[in-house]
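One structure below.
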Amino acid sequence: MNKDHFELFLVEAAIENRLHRVIYTVPTVPEAYEKFMGEIKNNQDIQKIKSLSVKKGTIPLDVFK
């Protein structure tokens, strides 16, 4: 990452019959995973996860100008 870009992590999970998508601005995939799982544990849905993926993206800062 440089000063002109920042990284995002998209976490997608199929829980029961719903698709959940969350974007985190953390520095690593494991941190995005841990943050998502921490939120899911609060909802007691962890046993209902059918699939989970983490995707990394880089966004230019000028997108906000």
So the FRET efficiency between residue 62 and residue 18, C-beta based with R0 = 35 Å and rounded to 0.05, is 0.55
Kirkwood-based Rg/Rh on the Cα set of the chain evaluates to 1.06
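Each value in this text was obtained by applying a stated rule to the coordinates, not by laboratory testing. These numbers were taken from a predicted model, which means no experiment stands behind them. Here Cβ is always computed from backbone atoms with ideal geometry, including for glycine, and neighbour counts include all displayed protein chains.
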